[in-house]
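Everything on this sheet refers to the single structure shown next.
All of the numbers you see were taken from the coordinates with simple rules; none came from a lab. What you see is a predicted model; the values in this text were computed from it and never measured. So basically every Cβ, Gly included, is an ideal-geometry build from the backbone, and we count neighbours across all protein chains shown.
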Amino acid sequence: MKRRTSFFLLIAITAGLLAACGGSTPAAAPTAAPAAGGAAEAPTAAAAAPAAGGETIKIVSSLPRTGSSKGQSDTVVNAINQRLDQDKSQACNGQFTIKYDDMDDATAAAGKWDPTQEANNANKAAADADVMVYIGTFNSGAAKVSIPILNAAGLVMISPANTYPGLTKPGKGEAGEPDKYYPNGKRNYTRVVPADDIQGAAAANWAKELGVKSVYILHDTETYGKGIADVFRAQAKTNGFEEKGYEGIDKKAQDYKALGSKIKDANPDLVYLGGITQNNAGLLLKDLRSAGYTGKFMGPDGIYEDAFLQAAGDGAEGAYITFGGVPGPKLTGKGKEWYDAYKAKFNSEPEVYAVYGYEATNVALAAINKVCKKDRGAILDAVFATKDFDGVTGKFSIDQNGDTSLTVMSGVQVKGGKFDTENTTVLK
């Protein structure tokens, strides 16, 4: 951890990209991130070192604003703006004006997050002396790209959605994780959502409660998908499930008819998929049902969105989905106040990660108001000092690894073409 920062940073970025996307290399010179959804303009490059004082503090987010994730990320951005509006985009009794930049880490060509785009976003934020907080990323693979870049710049990240354990937890991911993402030796990455070492195990335990005795496990080969599938697999073994199969899918396949026939013949009680909607989860389930598979299907929060229901069509009926926290209609106290205010302001239902977008902004503003300095290091330390924070997701703390102390997991089933949130199950 004592190597020269520039050298280590190059290695860290390259390693992260190889892990996340098969070796794609970010552009050497960052270009402007595309605007989406009526977002504010992308940050303008400035001196690398944060300047003391000044009237403007920027909070930026880096989320997939292009492709089928847009419906989900729209609600996250809505919630960020909702929280900023409550304070009239001011901090420290008007000493600072908060400017929010909504950055897109997806591209039309990819239809989802793109490693080069995420690297560009991180480099822009690191180079802009006004940026004090980076809300993101949405996809865990994207976080592998941006954490080292922002770590070298001493810029705090607060993710509303990343759940891969290896980003923060020693011994919970691949060799060298998580230390390889932190070239300066000091953690700068936090998240307000529980990680997959909790979710994957809870899913396997829920499957046991549902009477499952055999399982066929699939994953989309990405950091998040394979990671949660492996956690599920380990707990499934502990639970005594017979494993009928385990494999990664071709996430760009035109159809999954052959795989569907293979799984039908294996006849597992449950198919578990670790993956995201954008990697063909809906089409996969549709083809499983078309092939004649009639058993149970379960997936994680990466498919807990309307885009999955639309892609799977009638095949989604009966599917089981796990996710962190509880759905909006089931929130209580401050959470219910947030949910009601969101629906009144935007006249729509927030998707599952919206509440975490609000909470990430909540933590960011609390840190800025605590230090009242335009100082990345001080704000980073204040975020990590979050203790017994009374937020909309409950009372929680941020630990030394950057993880929330909240561990509540829930499960929901698709009924009548919708997520049956009225009958949400709290998981163990």
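Observations
- Approximating the spin labels as points 7 Å out from Cα along Cα→Cβ, the residue 214-to-residue 97 distance works out to 6.6 nm.
- Per residue, the average separation of C-alpha pairs within less than 8 Å and at least 6 apart gives the range 257-333 a relative contact order of 33 percent.
- Cα centre as origin, Lys/Arg/Asp/Glu Cβ charges: the chain dipole, Debye: 700 debye
- 338, 206 arranged by Cβ crowding within 10 Å, fewest neighbours leading: 206, 338
- Simple spin-label estimate for residue 294 and residue 378 gives 6.7 nm between the two label positions (7 Å along the Cα-to-Cβ direction from each Cα).
- A Förster radius of 30 Å, combined with the Cβ-Cβ distance separating residue 243 from residue 408, puts the computed FRET efficiency at roughly 0.60.
- Among 118, 359, 247, the ranking by other beta carbons within 10 Å of each residue's beta carbon, starting with the fewest, stands as 247, 359, 118.
- The angle between the Cα long axis of helix 281-290 and the longest principal axis of the Cα atoms of the chain comes to about 10 degrees, rounded to the nearest 10.
- Length added when fully stretched, residue 397-residue 253, from 0.36 nm per residue minus Cα-Cα: 47.6 nm
- Against the chain, whose longest principal axis is taken from its Cα atoms, helix 140-152 shows a tilt of about 20°.
- Angle in degrees between helix 354-371 and the longest Cα principal axis of the chain, rounded to the nearest 10: 20 degrees
- Full-extension gain in nm, residue 330 to residue 344, via 0.36 nm per residue minus C-alpha separation: 3.4 nm
- The stretch between residue 85 and residue 56, if pulled fully straight at 0.36 nm per residue, gains 8.9 nm over its current Cα-Cα span.
- For the peptides 316-329, 411-424, residues were scored by their other Cβ atoms within 10 Å and the scores averaged per peptide; the highest-first order is 316-329, 411-424.
- Residues 388, 269, 128, arranged from fewest to most other Cβ atoms within 10 angstrom of their Cβ, appear as 388, 269, 128.
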